[in-house]
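Please read the structure below before turning to the comments.
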Amino acid sequence: MSDVVEKTLTALPSLLSLDSQPGAAKLSSTSKLGNLIRGITELTSKHEEEKLIQRELTSIKEQVSSPNTSMRQMKELMVRATYCEMLGYEASFSYIHAIKLAQQGTALEKRVGYLAVSLFLNEDHELLLLLVNTVLKDLQSTNLIEVCMALTVVSQMFPKDMIPAILPLVEEKLNHPKEIIRRKAVLALYKFYQIAPNQVQHIHNKFRKALCDKDPGVMTASLHIYLQMIKENPEGYKDLTASVVTILKQVVGGKLPMDFNYHSVPAPWLQIQLLRILSLLGKNDHSTSEIMYEVLDESLRRAEMNHNITYAILYECVKCIYTIHPKSELLEKAAKCIGNFVLSQKINLKYLGLKALTYVVQQDPRLALQHQMTIIECLDHPDLIIKRETLELLFRITNAQNVTVIVEKMLEFLRISKDDYTTTDLVGKVAELAEKYAPDNEWFIETMNTVFSVGGDVMQPDIPNSFLKLLSEGFDSVEEDRKLRQFAVDSYVSLLQGGPGKLPQRFLQVISWVLGEYSHLSEELDPATVLSLLSKLLDSKNTSSETKSWVLVAMTKLCEGRAGVSVAREVSETYSSSLDTALRQRAQELQHLSQDSELRARVLPRDASREPLEVDSSLSFLDGFVSEALAAGAAPYKPPHQRQEELAQEKALSLEPYGLSLPISMSSCSIGDRQSPTLLSVSSGLSGDSIELSHKGGSATLKLDGVKRVWGREGYLSKRESVEETAQVEVPSPLRSPSQQGEADKSHNQTPTPTPTPEPEQEKQQLASSLFVGLGSQSSVCLMGKSDLTNQRFRRKARCPGTSSGSSEITSNSIVSPPSMVDSLLYNNLLDSNITSELDLASPQSPPQLSQDLSTANGTCDVDLTDRDVTANNPSIIRDNGVVAAEDPDKPTDLCLSSHLPAELSGLSRSEITALCSHQSLHLSACHVQGDDSLALVVFILNSSDSDVQQMLLQLDSDQLEVSSVSESPVQEVRGDSVVVCQYSLTVKRPSVLVEVCGVMSFMCSVGTPQSVQFSYKLPLASFIRPLTVSTEEYGTMWLAFSHDTKQNLTLMREDRESLTATLNVLKNKLQLHVVEIIGMEGIVACRLLPDQPCLMHCRINAGTLAVWLRSPIPDLPDCLIYHCQRALQEH
Amino acid sequence: MKQKLPLLDSITLIDIYIRFMLLFSRQGKLRLQKWYVPLSDKEKKKITRELVQTVLARKPKMCSFLEWRDLKIVYKRYASLYFCCAIEDQDNELITLEIIHRYVELLDKYFGSVCELDIIFNFEKAYFILDEFLLGGEAQETSKKNVLKAIEQADLLQEVRLLNDIDVGTKAVSY
């Protein structure tokens, strides 16, 4: 068919020779539009065209405003006006006439009127209001065509506020006898659902009716709404699964009328829509996925014909199979399918094959391995799009071993790509990989140099931010840090000496900061040389004034000695008269500080950029100045929100709109980004110091463990984790098992050319082995990404106290062995906060030995945890001097222990009593009890034997918690067959999603040998949250004073119309929050972390989700709380 | 206090299958444009210019898909005309290609061996067909027969009107 069309189309002579047209007769060549079009084609220059169209528009304008113009003429005029607009000439005078035509014309004129309106106007154009009455009238018309026209325009654009006016009429049309009307009504409601979901909530049952409509067209249309709703809340529509499966079965089985066939494939669009819905429903849900396996298998089987449309269905099928709970049989078939795509000669299919590979490689890295030669070929494909997608695929399989090759390929692409958007994206990815897997300092700095020079001013600002943060915070080894910094300095000096003219501003800023901070590390480097290089930068015409600020700050740090002072004086003189206030300020600072070296040492202490900086965000040091100014008659300061409020004269809280978090920066999210605007304004935004300040301010929030960072973007963490694991195990450890070796070798042998290979072929193979290294041993990793038992054990063994920072990562791996019920988003958050606490351990503030100790200590209790996870069903595990032996889980019943609960705690809400550990006849259990202002941990020690236990010593310790004993004298013995209760009060030192108490109990049995058992007890941070009663005004002031914040969208409870209230109530009840006030679509909520650390929450309904913004003076607290909010809403 | 979304946001955030559809000639002349996301004229012009340039620069054997900002562009050339749709990255490019093809089939059936000139001189008809096929950026009706039936019935009114010049409202009962 397509061939026929193409032939007829090509057979026609070109545009200009109108007369010889076979089809010319049917063209309205005599019409005015025809004349206009022909007139335009005869012109030779753009200028002439402009003149002609302007003439045309003037004449149209004259005619439309003349009272004598009939509607029929008007119709013709509107067609011409739309034509002019399409050519890019404005005809806004005609908009109102288009509306008039829709209003007053007869049916066929109306049709043109409505069309012109839909082409001319935007959804939010104010003239659209004038159309409401017309639509209203036409919806009630007895003429079906008019009803259709009205519904068509409504489904494309309608003023949001006017929806209630026509909603009943549209709803009514759902019962119309004609299917075309029902279909259009469904689509109109879909539009309403998109622009104002709350308005159509009450008609959900009617959507169901549409889904069951006897006409397949109406049913298909209703799927648009369902797809959208299921996307937002998959849990709410699980009951649809069976119906969707049935529909798909019928469609695949060819039960629909032949009209819906497309190239003899039954209703492909419908099939794809259904497959999408299924994949949403089956995601992370085993039992729902079970229902769909059969039909998916059938879809795969049926789609056999060699035509684009069957490939489209296959692609969707494969995606669905890889999204839902996996079934190996189907995965195998899907993998084969992907293989067919990738190997196809058709370029479009190849592209989709790569895209599918990219999608599934996280779950099954072996697939990439299978197709390595094709991937290599695609990497050199002449079509950039194919190349780009291949890089995307490689990005996802990057590990510590292949990072250099892959990054090299990406940089190669960056050098030829001219598209800013691609550059921004790729540069971000390179930076991410470089930070995560850099093999050495030189490579890292050089790669980042390329990133900065190529990415220049289009890259995301968090790239330079996190780079500088990484440099300043360093990693475990002081020596390594010094080397890295020194290398950076040397590299930058040589760059500046080579001529900085072409370097982007952002890069120059990074360079200035690093030189200012670290150039003293390089001993051969004379400070005067650096100063002269910097002042050359100042003189350059290409340097922006923002960059100049950075340079001046760097000079301020460097201006030592006589030479320095004289340079400083010269420079500061030049710039203290600058028109730019920021520059002037910097120049002043430079001048003063260069003259007073003592002051300078205090203001800018050397090598102190990693010290946390106390930011007084209330600016109390300015109090004196303020009161003076007030006394002198100045107007009192009003915070921006108050000013805005007064301007708007509205009662609603006006906080700034929510920004969307960028997917890439989720994990590498820089502090600078997350910093509250208030804090940024403190640091005066423009200044060179701002970045320094902002990351200092939040240094405890997120630490990048530099090149050793493990966690990647949401979604393929599990795969990352396993890649990293194997890499970790393979590289440093000489213990590499022969079986692994064998597997790796085998994988290399999989390359499909056993015969002697020609030269280029060999090159490719070489490239292949360097690209796909590290993936081979993956084949032992099971598909789900859950590392199996043996793997974990091996990992643990590999980690002995001697290994470097690698060990601490592995620790964090084991903490988070995947909790399958939590979805990936939550999971991600959990990871984030874990990594935070993890990295804090190794933070450079603590002396190296101490951090070593800490991480080893931490390691031990993690081992314990890992064991627990592995044998989740068997809660009691004894750890006796490292020997793991599981005992019969005869844990003492909750009931009998609870009677031992101290009297003062008995009325309060408490957690279940869980067994901690036991040793022979000694059983330890614990629970936590939530008081109004406290959280108590109660440990029960049950001795079930006859003999006494003596010299007992129970010690609790925690990284995140402050633990203090409530009992006056420590218990020392437990008599036979009795229970001893120890009570502790807990407060949070450092928030984390789950906080943990580790304990050791040593004791002496009657037999005589000293024994000890270890245990750990985890409790959610939510147990420490209590309501905080504040007024709206107090809330406002507090909000501005807090500097740590986080934003996230949460799912709304959408059963009733009061969704905000309902959602907040759930949170209030589950998490003990205090709802301060609800105003319209916004709500403010406050809580405190025991004893009195406030956290504020601002919620707003935004496009069907709850946009939540949390702020607190405590780092990490907002992140942890948002996690618990998500959990609470999910569990509800 | 309504906040207007900046260009990029509105085009990528709104969850519509097809964000816009453009038809343009080999010479880069726009023949049809349908925007399913609200954009200002200036933005539309900018996007059109960028895309026409990029698509025309592609060689015939190249892939029919393009990355453009956060979106995917799916395009296909039929004789002297390029049809081009913007979709989201996660969407199915192949089925979009078939959307384009089905539209061409509809045009072909309606005009009888369609050529670029049919679309130039009767562009409003091409829009009518598009509106019956895609509505608000989603596929409305994929049965070729049904789409053409709807169009023909609306056209019929026109014919009747031209012949008899009587009020159409009363005639519509025949629908």
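The values are calculated or read from the model by the stated rules, or taken from the named source; none is laboratory data. Note that the structure is predicted; figures quoted are calculated from it, not measured. Glycine gets a Cβ as well: all are built from the backbone with ideal geometry, and neighbour counts include every protein chain shown.
What to note about this one:
- The range B:112-150, residues that are within 8 Å of chain A (Cβ to nearest Cβ), at negative phi and either aromatic (Phe, Trp, Tyr) or in contact (Cβ under 8 Å) with a residue 40 or more places away in the chain (or both): B:116, B:120, B:121, B:123, B:127, B:128, B:138, B:139, B:142, B:144
- For the range A:567-606, the candidate set comprises residues that are charged (D, E, K, R), assigned to a loop (DSSP other than H, G, I, E, B) and exposed (fewer than 14 other Cβ atoms within 10 Å of the Cβ); within that set, the residue that is modelled with the lowest pLDDT is A:606.
- Evaluated against (1) surrounded by fewer than 16 Cβ atoms within 10 Å (Cβ to Cβ); (2) in contact with an Asp or Glu (Cβ under 7 Å, 6 or more places away or on another chain), residue A:275 falls short on exactly one condition, (1).
- Test result for residue A:304, over 26 Å from residue A:180 (Cβ atoms), modelled with pLDDT of 90 or more and either surrounded by fewer than 21 Cβ atoms within 10 Å (Cβ to Cβ) or within 14 Å of another protein chain (Cβ to nearest Cβ) (or both): no
- Verdict on residue A:240 being surrounded by fewer than 23 Cβ atoms within 10 Å (Cβ to Cβ), over 28 Å from residue A:1100 (Cα atoms) and either free of Cβ contacts under 8 Å to residues at least 12 places away in the same chain or under 30 Å from the mean Cα position of the chain (by Cα) (or both): yes
- Only one of the numbered conditions (1) touching a Pro at 6+ places or on another chain (Cβ under 7 Å); (2) hydrophobic (A, V, I, L, M, F, W, C); (3) outside any helix (DSSP H, G or I) is violated by residue A:537, and that is (3).
- Strands (runs of 3 or more DSSP E) contained entirely in the range A:1031-1132, each with at least 2 residues that are buried (at least 21 other Cβ atoms within 10 Å of the Cβ) and more than 26 Å from the chain's Cα centre (by Cα): A:1082-1089
- Residues in the range A:122-150 that are under 44 Å from the mean Cα position of the chain (by Cα), modelled with pLDDT under 90 and closer than 17 Å to residue A:107 by Cβ: there are none.
- Residues in the range A:376-386 that are out of contact with any helix residue (DSSP H, G or I) (no Cβ under 6 Å at 6 or more places or on another chain), closer than 20 Å to residue A:422 by Cβ and more than 10 Å from chain B (Cβ to nearest Cβ): A:380 only.
- Any hit, the range B:98-107, residues being closer than 23 Å to residue A:318 by Cβ and either outside any helix (DSSP H, G or I) or polar (S, T, N, Q) (or both): no
- Conditions (1) more than 14 Å from chain B (Cβ to nearest Cβ); (2) surrounded by fewer than 23 Cβ atoms within 10 Å (Cβ to Cβ): number failed by residue A:398: (2)
- Filtered residues of the range A:486-502 (kept if in contact with a Phe, Trp or Tyr (Cβ under 8 Å, 6 or more places away or on another chain) and not polar (S, T, N, Q)): A:488, A:489
- Selected residue (criterion: nearest to the other protein chains (Cβ to nearest Cβ)) from residues of the range B:79-89 that are surrounded by fewer than 22 Cβ atoms within 10 Å (Cβ to Cβ) and among the small types (Gly, Ala, Ser): B:79
- Which listed residue is away from chain B (no Cβ under 12 Å) and of a type in the set (A, V, I, L, M, F, W, C), from A:330, A:352: A:330
- Just one of the listed residues (A:551, A:615) is modelled with pLDDT of 80 or more and of a type outside the set (Phe, Trp, Tyr), namely A:551.
- A Cβ distance below 8 Å, combined with a sequence gap of six or more or placement on separate chains, defines the contacts here; from the range A:1093-1112, residues that are under 10 Å from residue A:1052 (Cβ atoms) reach residues that are among the acidic types (Asp, Glu) in the pairs A:1099/A:1082; A:1101/A:1082; A:1104/A:232; A:1105/A:232.
- Every test in (1) closer than 22 Å to residue B:34 by Cβ; (2) touching a Pro at 6+ places or on another chain (Cβ under 8 Å); (3) not basic (Lys, Arg) is passed by residue A:129 save one, and that test is (1).
- Taking the numbered list (1) closer than 30 Å to residue A:344 by Cα; (2) within 13 Å of chain B (Cβ to nearest Cβ); (3) at pLDDT 90 or above; (4) surrounded by fewer than 23 Cβ atoms within 10 Å (Cβ to Cβ) in turn, residue A:294 passes all entries but (2).
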